[in-house]
Each structure stands twice: as C-alpha cells, then as structure tokens.
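Participant: Sharing a structure below in structure tokens format, with a few things to ask.
The values are calculated or read from the model by the stated rules, or taken from the named source; none is laboratory data. Treat the numbers as computed from the prediction; the structure is a model and nothing was measured. Quick reminder, even Gly has a Cβ in these numbers, built from the backbone with ideal geometry, and neighbours come from all protein chains shown. These accessible areas exclude ligands, DNA and RNA; they are computed on the full protein's heavy atoms, side chains included. Shrake-Rupley method; radii C 1.70, N 1.55, O 1.52, S 1.80 Å.
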Amino acid sequence: MLPALVEMKILTKTAAPVPYLDLPLQMRSIRKEIDAAIARTLDNCTFCLGPEVAQFEKDFARFCGAEHCVGFNSGTSTLHVALLLLNIGPGDEVITTPYTFVATSWGISYVGAKPVYVDIEDATFNLDPSLVERAVTSRTRAILPVHLYGQPCELKPLLEICQKNNLPLVEDAAQAHGAKYHGKTVGVFGAMSCFSFYPGKNLGAYGEAGALVTNDAGLAGRARALRDHGSTRRYYHDEIGYNYRMEGIQGAVLGVKLKHLNEWTQQRRRVAQRYSELLAGTPLQLPHESDHLESAWHLYVIRHPLRDEIKKHLEANRIGCALHYPLPLHLQKCYGHLGHKAGDFPAAEKAARECLSLPIYPELTEEQIERIAAVIKQFFVR
C-alpha cells in the first residue's frame, strides 16, 4: 500500500506526464560517445558501409553468438533478402504469424510468395507450434516465426517440425535483441535471423537500419552482395541486387549503443518485474515469461476487454501508451486477396482487441512506474 499523500500525488492529473518512449533522455546519457562516433564518420567521409559498419557487424555477431552479421538499411530489407537467399519465389508458401508488424509479411510478399498464417498462443502472443504442422503443404518453403515484444517463441517444437519436413527456419528477431531461449541468445537457432534497429527498438539507430545474422558463410556472402546491387566487385554485378546498405553514421551510433545494451536490458527487466508486482491481482492479463525464456522486454503489453477505455484513462492522466497491434495482418486491406475473414484466427483477433502497451524503457523511474500502476488500479475502482 502507498501512503495516502504519495498516492494522491501519483494520481493527480497535474503530475508530470510520462511519455510512452523517451529517446531524448537516453540520447542525453550517451551524447558525448555518440558525438565522437558520428564525428569519426564525418571526418572519414564513410557514409555508406565503411569501417564503423564493419566493426558493428563484428560486435553484433559476437553479441548474438553468431559467425556472421550483415548490416542493412532496415529490418524489412533483411526479411526480403533472407527469403531471396532461400530461393523462395512465386508459388511458394511461408508459414508465419498474423499478429505482428506487417514487415514480416512484406518479406514474403516481396519475393512473390504467399504468407500462410497460423494462429498465436493466447499467453505469449507468439506463433502456436501446435498448429503449425497442419499448415505445411507441398508448397511450404520456410517457417518464419516472430519473437514478439522481445519474448522468444517456442523454438524447439518449431525446429522439430522444420527438421521433419526439411524446411528452413528464419527468425524475425526485430524486437528481441539479447532475448534468450534456454540460455542461448535468439538469432542463431535457424538458418538466419533478421533484426531491426528502428529508433524505438531496444537497440535503435538514429534513422533506419537492420541486420541479417547467420552461421552460414555462403548465405552471409550472398547477403552482402544482394545489399550492394548484387556486386562483390565494384561495377560487376552477378545478380539482380538492391540498394540495402547500412549507412556509416548508423553503424557508428549502433556501435556505441551496443556497449550499453546489456545494462539497458537489465533495466527493462526491472521495469517489467515492478509492473508485474504492482499490477498483480488486477483484472488485467499480464505478460507471462516461462522459466526457460528471457524476454528482452521490448514491450510490456497488458490485456483487457476494456482496453480502449483504459487507454483513454491513462491518456487523460498524461501517461503515454500504444497499441501493438490493433488489426491482425489477415484482416488488413493489403492482404484481402488472401481471402481471410474475421474469425479465421481467433486468438490473434482477441489479442488485437485487448492489447495495450505500457511505457517501458531503461530510464523509467520507480515513481513513474508506481504512478502508472496506481492510475491503472484507479480505473478498476471507479
């Protein structure tokens, strides 16, 4: 129980606002390091790829426990190239989740293949392995799960299905930098993995960036060529390629931020733990983290049928929050040609109606966490 005066202060609508994300606060804490890294890039005029990107690739591969990391201009581009590397194309199918950011399906669509959706687990928001095998057909060419919100999906049963059906697994780890499955960092379980460094990610660039991680030297080599106009030697192009190169400045920024990522992740775990403690006993469905998983806690997502009213209540109290995601992919207009309808994936649709993301970032203070929890509890006692 909070002392009455403290609780009154926390609940007042005149209290300082709590932003959903506070990137300026993080930037100020590392500003000198960032300025020095960007200055090196400017002094060297290495704006496309270059030594800062190359060093970051080495460091991030080591962080993931992988042999190779290839820097890209976005996580979306890595998903596209990952499926190109597997020679997936028109007429092929890729099994994936309907409940994630649309970029996961973009990679499938970009190569002309069909996303085949499988419903999610209610407790984790991740692909339900028990439903995957029945979706495998003669046209299936890969399984593409997502470690949603930073929570590792159940990889063991998915890998068993892949092995049984001779299928590659590609991890969408865009939200899961440093997350662990049975003590092993995600991103090294499948043929390759795709990371995003969008600014709001746990490891975010100051612009767009991404990376493809793999233990296969052949895949890494071809990925490097495809991101650079299909070229391994300047002005000689072995196949149709793309302008998917990481900018030098983004490599410099990510190199600085990677050094802080482990500490930032621990702070995210602190915030998540406090939310779970303070909100225990409320009518909310809270995130669940199994003993064999370590979430990166990119997002802390609560659930309730009155989600929209709770969101309005938080915003009225100047507390930021967000929806990840309000409409599943199978119901998006862009995928209307797949012929899905409401009710096809009930767990995903229910999650979309109930999900609400609370602020979670390393700099969030105990007072802010307590205020957010108190405002939520106030909603249920009105």
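Participant: Restricting to DSSP H runs of at least four residues, report the calculated mean residue ellipticity at 222 nm for the chain, -39500 (n - 2.57) per run over all residues, nearest 500 deg cm²/dmol. Provide the component values of the computation, followed by the final result.
Facilitator: Numbers: 14 runs with 152 residues, N = 382.
One gets -12000 deg cm²/dmol as the mean residue ellipticity at 222 nm.
Participant: Summarise the long-distance tail of P(r) for the stretch 230-382 by giving the % of C-alpha pairs beyond 24 Å. Walk me through the intermediate numbers first.
Facilitator: Values: 6161 of 11628 pairs.
Percent of Cα pairs beyond 24 Å in the stretch 230-382: 53.
Participant: I would also like to ask the following. Assuming 1.567 mPa s and 4 °C, estimate D for the stretch 204-288 with Stokes-Einstein, Rh taken as the Kirkwood radius over Cα pairs, in µm²/s. Show your work: numbers first, answer last.
Facilitator: Values: Rh = 16.5 Å.
Calculated translational D: 78 µm²/s.
Participant: Related question: Stretched out fully, how many nm does the piece from GLN332 to GLN55 gain, at 0.36 nm a residue minus the Cα gap?
Facilitator: On the way: separation 277, 0.36 × 277 = 99.72 nm, distance 3.93 nm.
Length gained between GLN332 and GLN55: 95.8 nm.
Participant: Take the solvent-accessible surface of the protein heavy atoms, probe 1.4 Å, and return the percent of it on the stretch 99-143 that carbon and sulfur atoms account for.
Facilitator: Details: 890 of 1720 Å².
That share works out to 52 percent.
Participant: Let me ask something else about it. Once both labels are modelled 7 Å past Cα along the beta-carbon direction, what's the ALA15-ARG353 spacing in nm?
Facilitator: Those two pseudo-labels are separated by 3.1 nm.
Participant: Turning to a different aspect of this structure: Give me the Å³ per residue figure for the convex hull around the C-alpha atoms of the stretch 253-306. Display every interim value, and only then the final one.
Facilitator: On the way: hull volume 5.5 nm³, N = 54.
In the stretch 253-306, the Cα hull volume divided by residue count equals 102 Å³.
Participant: Identify which of GLY190, GLY107, GLY207 has the largest mean-square fluctuation in a Gaussian network model of the chain, with springs joining Cα atoms closer than 10 Å.
Facilitator: Between GLY190, GLY107, GLY207, it is GLY207 that shows the largest mean-square fluctuation.
Participant: Of ASN165, PRO199, ILE120, which is farthest on the positive side of the dipole of the stretch 106-218, counting Cα position, with +1 on Lys and Arg Cβ, -1 on Asp and Glu Cβ, and the Cα centre as origin?
Facilitator: So the residue furthest toward the plus end is ASN165.
Participant: So how much slack lies between ALA135 and LEU286, counting 0.36 nm per residue of separation and subtracting their Cα-Cα distance, in nm? Mind showing how you got there, number by number?
Facilitator: Numbers: separation 151, 0.36 × 151 = 54.36 nm, distance 2.94 nm.
Extra length from ALA135 to LEU286 when fully extended: 51.4 nm.
Participant: For a quick check of your reading of the filter: which trypsin sites (Lys or Arg not before Pro) in the stretch 76-141 sit in a DSSP loop and have no more than 12 other Cβ atoms within 10 Å?
Facilitator: Values: sites: ARG134, ARG139, ARG141; in loops: ARG139.
In loop regions of the stretch 76-141 (DSSP not H, G, I, E or B), the sparsely surrounded trypsin sites (Lys or Arg not before Pro) are ARG139.
Participant: State the extension gain, in nm to one decimal, for the chain segment bounded by SER231 and ASN262, taking 0.36 nm per residue of separation less the distance between their alpha-carbons. Please list the in-between numbers first.
Facilitator: Numbers: separation 31, 0.36 × 31 = 11.16 nm, distance 3.53 nm.
Extending this stretch completely gives an extra 7.6 nm.
Participant: Here is a follow-up. Enumerate the calculated ³J(HN,Hα) couplings along the stretch 108-116 in order (Karplus 6.51 cos²θ - 1.76 cosθ + 1.60, θ = phi - 60°), each rounded to whole Hz, writing x wherever the residue is Gly or Pro.
Facilitator: Coupling constants for the stretch 108-116: 5, 5, 4, 8, x, 8, 10, x, 10 Hz.
Participant: Let me ask you something else. Tell me, what is the Rg over Rh of the stretch 94-169, with Rh the Kirkwood radius over Cα pairs? Write down the numbers at each step before the final one.
Facilitator: On the way: Rg = 11.5 Å, Rh = 12.4 Å.
Using only Cα positions, Rg/Rh for the stretch 94-169 is 0.93.
Participant: Stokes-Einstein at 20 °C, 1.002 mPa s, Kirkwood radius from Cα pairs: D for the stretch 21-65 in µm² s⁻¹? Please list the in-between numbers first.
Facilitator: On the way: Rh = 12.1 Å.
Stokes-Einstein gives a translational diffusion coefficient of 177 µm²/s.
Participant: Further question on the same structure: How big is the equivalent ellipsoid of the stretch 135-224 along its three axes, where each semi-axis is √(5λ) from the Cα gyration tensor, reported in whole Å from largest to smallest?
Facilitator: On the way: eigenvalues 108, 51, 28 Å².
Working through the eigenvalues yields semi-axes of 23, 16, 12 Å.
Participant: For the pair LEU306 and ILE30, how long in nm is the line joining their label points, each one 7 Å along Cα→Cβ?
Facilitator: Computed distance between label sites LEU306 and ILE30 equals 4.0 nm.
Participant: Enumerate the lysines that LYS377 could reach by cross-link, defined here as Cα to Cα under 29 Å, with residues fewer than 8 away along the same chain left out.
Facilitator: Cross-link targets: LYS9, LYS13, LYS201, LYS311, LYS312, LYS350.
Participant: Over the chain, with a Gaussian network built from C-alpha contacts below 10 Å, which listed residue (ASP43, ASP344, ASP59) shows the highest mean-square fluctuation?
Facilitator: ASP43
Participant: Got a sec to turn the phi values of the stretch 283-288 into Karplus ³J(HN,Hα) couplings, 6.51 cos²θ - 1.76 cosθ + 1.60 with θ = phi - 60°, whole Hz, x for Gly and Pro?
Facilitator: Residue by residue, the stretch 283-288 yields x, 6, 8, 9, x, 10 Hz.
Participant: With both partners inside the chain, how many of the DSSP beta bridges are antiparallel, as a percent to the nearest 5?
Facilitator: On the way: 25 of 39 bridges.
Bridges in the chain that DSSP calls antiparallel: roughly 65 percent.
Participant: For the stretch 193-247, take the alpha-carbon Rg, divide it by the Kirkwood Rh, and send me Rg/Rh.
Facilitator: Details: Rg = 12.7 Å, Rh = 12.2 Å.
So for the stretch 193-247, dividing Rg by the Kirkwood Rh gives 1.04.
Participant: State the dimensionless ratio Rg/Rh of the chain (Rg: radius of gyration of Cα atoms; Rh: Kirkwood radius).
Facilitator: Details: Rg = 21.4 Å, Rh = 21.7 Å.
Dividing the radius of gyration by the Kirkwood radius yields 0.98.
Participant: Can you pull out the trypsin sites (Lys or Arg not before Pro) in the stretch 224-299 whose DSSP state is coil and whose Cβ has at most 15 other Cβ atoms within 10 Å?
Facilitator: Values: sites: ARG224, ARG227, ARG233, ARG234, ARG245, LYS257, LYS259, ARG268, ARG269, ARG270, ARG274; in loops: ARG234, LYS259.
Passing sites in the stretch 224-299 are ARG234, LYS259.
Participant: Tell me the carbon and sulfur percent of the accessible area for the stretch 238-353, rounded to whole percent, probe radius 1.4 Å. Provide the component values of the computation, followed by the final result.
Facilitator: Values: 2740 of 5440 Å².
The C+S portion of the solvent-accessible surface of the stretch 238-353 is 50 percent.
Participant: At 7 Å along the Cα-to-beta-carbon direction for both LEU23 and CYS45, put a label point, then send me their distance in nm to one decimal.
Facilitator: Simple spin-label model gives 2.9 nm for this pair.
Participant: Same structure, new question: Scan around GLY320 for amide H atoms under 5 Å from its own, H built in the peptide plane at 1.01 Å from N, and keep only partners 5 or more places away or cross-chain.
Facilitator: VAL18, TYR20
Participant: With the other protein chains left in place, how much accessible area per residue, in square angstrom, belongs to the stretch 139-245 at a 1.4 angstrom probe? If you can, show how the numbers build up before the last one.
Facilitator: On the way: 4320 Å² over 107 residues.
Spelled out: the 1.4 Å probe surface of the stretch 139-245, per residue, equals 40 Å².
Participant: Residue by residue through the stretch 137-147, what is 3J(HN,Hα) from phi via Karplus (6.51 cos²θ - 1.76 cosθ + 1.60, θ = phi - 60°)? Round to whole Hz and write x for glycine and proline.
Facilitator: Result, ordered by residue: 10, 5, 9, 5, 10, 6, 10, 10, x, 10, 8 Hz.
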